[in-house]
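Notes for the one structure printed next.
Every number here is computed from the coordinates shown, using simple stated rules; none is lab data. Computed from a predicted model, the values in this text were never measured in an experiment. Cβ coordinates were reconstructed from backbone atoms using ideal geometry, including for glycine residues, and neighbour counts include every protein chain displayed.
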Amino acid sequence: MSGTAATVARASKPVPSGAYLVPVAVLLLAFPLVAPAYQTILLAYGLAFAIAAVALNLLLGYTGLLSFGHAAFFGTGAYAAGFMVKYFGVVSMEAFLAAGALSGIVVAALFGFVCVRYTRIFFSILALALSQVLWSLAFKLFWVTGGTDGLRVPTPVLLGGVFGSPDDKVTFLSHQYYYYTLGVFAICIGLLWLIVHSPFGKALQAIRDNEVRAEFVGIRVRRYRWIAFVLSGMFATIAGTLWGPLNGLATPEALYWPFSGEIVFMAVLGGFRTFSGPIVGAIVFNYLKAYAVGRTEYWQLLLGVVLVILVMAMPEGIIGTLGRFGRRLRREG
Amino acid sequence: MSTLFVQVLNTAVYTAVLFLIAGGLSLVYGVMRVVNLAHGNLYMLGAFVMAWAVGGAAAGVVPPLLLLLIPVAGAVVALVGALIEPTLLRPLYNRAEEYQLLLTFGLLLILEDAIKFVFGPTPLSASTLWSAFGPISVLGSIYPAYNLVVIAVGFGSAGLLWAFVYRTKFGVMLRATSQNRKMAVSLGINVRAVYVLAFSIGCLMAGVAGAVIVPVQGAVLGMGIDALVLAFVVVVIGGLGSLEGALAGAAIVAVVRTLAITFFPELELAVLYLIAAAVLVTRPAGIFSRSST
């Protein structure tokens, strides 16, 4: 591990001040008032993906485990909403989120129990294999899950209907549902920030940097990794539940392993060595993909080239690279 | 009785193809410690090249000669591999594994669309070759003769590969590099050349797998992504980096799949992934590993 010393140095970097938060919050709050509905809905997708990417980064950036199976949790969240509608006739968003978080904890506890026995490449493949179990079940048990047709996730009732009943789906998604997503996003990111900066989060970073030393200071490495896995899975599931009504459908695609790759892509695009990197990465990735899909038939080629260039030339991602430029400017100026 | 025999033959066909795909993946991991997520798409490339070539040549050439296109398609994929390794993989050997996985994931996306661009979005078929061989009567049951070709190519390649790795001087260099790269360098082995060749052989096997199976099932976009995960299951069961393990893993997966399709078709894939997970939990280096680390 040649990068360990550098990682330690980076981990001890002071927490960025909250100065960015105010303009970003104003921008996010004002966005639906100025931007067209399409852009707002696109941003809502981005916010949902951002929760999943930060959740993944709790494992990748802070615990040093690369999961190639996080689509399992994201998809579970979407299916939880679909099941609530189909089998319980419930259309309350809070019920969706509760069902999502609960099923996320259960699935992640099971998968994590198996996965955290390994690190590095075996962890990645194990997470991938287990996520494919869920995918194949969603794909094959069509009388339960609707097969490739998926399950319908209709427009939900928010907070027991205080915003009134939705009249037009586009208006609903670009206003009420956008703000709802923004609220859940703020809560989730806040919680994840607290987790990362808690003693527990510091312990995870210690495990990432040096497993043996962490064990010697008395950290129960496997237990901590398992808890991190469950937390990461739960937040990724919540992201999937938020995505469900936006997409209108829970399909096996959301559980399929290439989507896991996309979540990793988001985290790396933004920079997985930073807390805010995956948020920026997810939103940028979502725009990039939407425009690529809209403009060309060969959007995968475009995304693939971006990923290759990123890995070769900009491994620190957008935020990491900006941060390095910022530090250099400060040194020189 | 005859159904059983046909099922055994089907299992052998499936074993042959799975071995070719997974063997290449395993060889690449064994030598350069890179898990190539784009490997399935190299298999798909082989299938498309073969289907395209058969489509162009079928009218004027007798079917047995068309079989010569299989190594040609494999060679095309090997050439692509020989271009990929020095340009994209070589700069990453000293970086963390995450970047290698990500790079090959990017390559997967690129290859998917490059194939769509070159061969078009519609599936290609090479079934003329399959039907040209006609049926054959084996122990009283009718069986497509071409499937026997698949079995022969699969197991023939396994034999050739074994001879190459264990009976040639280059095989010695390959195994030496795989065991200890620094020592191999200091002994004067050209590790760069070994890497290019090993990666190309891995791609060759994937390409041959695609080429040999395409007359049976056609070439469709997305087939590589499905194949890759099955190849993962095979190498996980057999042990990443082990060729014998890949063969045994392919046989196990083929048998389980045949049984699952017969008795509980809905759980076919889930059972395979669960077996892989179970093997990783109990013996992470594979069932056939000598050490348990």
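Listing for the model above:
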| read-out | value |
| --- | --- |
| Net +/- balance of residues flanking residue B:250 in space, Cβ distance below 15 Å, scoring K and R +1, D and E -1 | 0 |
| Length gained when the stretch residue A:152-residue A:39 is fully extended (0.36 nm per residue, less Cα-Cα span) | 38.3 nm |
| Cα gyration tensor shape of the stretch A:148-264, rounded if a/c is under 1.5, else prolate or oblate by comparing a/b with b/c | prolate |
| Folded to 0 to 90 degrees: helix A:257-270 orientation relative to chain A principal axis, Cα | 50 |
| Förster radius 60 Å - calculated FRET efficiency between residue B:62 and residue A:167, Cβ distance, rounded to 0.05 | 0.30 |
| Relative contact order %, chain A, counting alpha carbon pairs below 8 Å whose residues are six or more apart | 32 |
| P(r), alpha carbons of the stretch A:192-234 - 5 Å bins starting at zero, rounded % | 6, 26, 33, 24, 9, 2 |
| Size of chain A as Cα extents on the principal axes (Å, biggest first) | 55, 47, 41 |
| Helix A:21-34 axis, angle to chain A major axis (alpha carbon atoms, nearest 10°) | 20 |
| Per-peptide average of other Cβ atoms within 10 Å, ordering B:212-218, A:197-203 highest first | B:212-218, A:197-203 |
| Per-residue HN-Hα couplings for the stretch A:218-225 [Karplus 6.51, -1.76, 1.60; θ = phi - 60°; Hz; x = Gly/Pro] | x, 7, 7, 4, 5, 4, 5, 4 |
| Mean shadow area of the protein assembly as shown, taken as a quarter of the surface of its Cα convex hull (nm²) | 31.3 |
| Within the protein assembly as shown, percent of DSSP bridges classed antiparallel, to nearest 5 | 90 |
| Separation in nanometres of the label points that stand 7 Å from Cα toward Cβ, at residue B:255 and residue A:312 | 4.6 |
| Principal axis dimensions, largest first and in whole angstrom, of chain B by Cα | 58, 44, 36 |
| Shape category assigned to the stretch A:20-136 from the gyration tensor of Cα positions, a/c cut at 1.5 | oblate |
| Cβ-based charge dipole, chain B, positive-most Cα from B:18, B:84, B:176 | B:176 |
| Distance between modelled label sites at residue A:293 and residue B:5, nm, 7 Å Cα→Cβ extension | 5.2 |
| 13 Å beta-carbon shell around residue B:195, net charge (K/R +1, D/E -1) | +3 |
| Helix-only mean residue ellipticity at 222 nm for chain A, each DSSP H run of n ≥ 4 adding -39500 (n - 2.57), per residue, nearest 500 | -24500 deg cm²/dmol |
| Helix runs (DSSP H) in chain B reaching 18 Å along axis by Cα, Kyte-Doolittle at least 0.0 | B:2-32, B:39-57, B:69-84, B:97-119, B:145-167, B:191-217, B:223-238, B:243-263, B:268-282 |
| Lysine pair count for the protein assembly as shown [Cα-Cα under 22 Å; pairs on different chains or 8 or more apart] | 5 |
| Principal-axis tilt of helix A:299-313 within chain A, Cα atoms, nearest 10 degrees | 20 |
| Counted charge near residue B:83, where neighbours are those whose Cβ lies closer than 15 Å (Asp, Glu -1; Lys, Arg +1) | +1 |
| Cα radius of gyration and Dmax for the stretch B:153-293 (Å) | 17.1, 55 |
| Neighbouring partner chain Cβ atoms per residue of A:301-314, average, 10 Å criterion | 6 |
| FRET efficiency, 1/(1 + (r/R0)^6) with R0 30 Å, evaluated for residue B:226 and residue B:72 via beta carbons | 0.75 |
| Estimated FRET transfer efficiency (residue A:305, residue A:28; beta-carbon r; R0 41 Å; 0.05) | 0.85 |
| Cα→Cβ-extended label distance, 7 Å offset, between residue B:97 and residue A:322, nm | 3.2 |
| Angstrom value of the Kirkwood radius, inverse mean 1/r, which spans all Cα pairs in the stretch A:121-196 | 16.0 |
| Cα convex hull volume per residue for the stretch B:102-153 (Å³) | 128 |
| Selected from A:21, A:204, A:269 as most flexible by GNM, with chain A as the system and alpha-carbon contacts under 10 Å | A:21 |
| Average partner coverage of A:116-124, which counts Cβ from other chains inside 10 Å | 3 |
| Cβ crowding within 10 Å averaged over residues, with B:22-35, B:262-275, A:113-126 ranked highest first | B:22-35, A:113-126, B:262-275 |
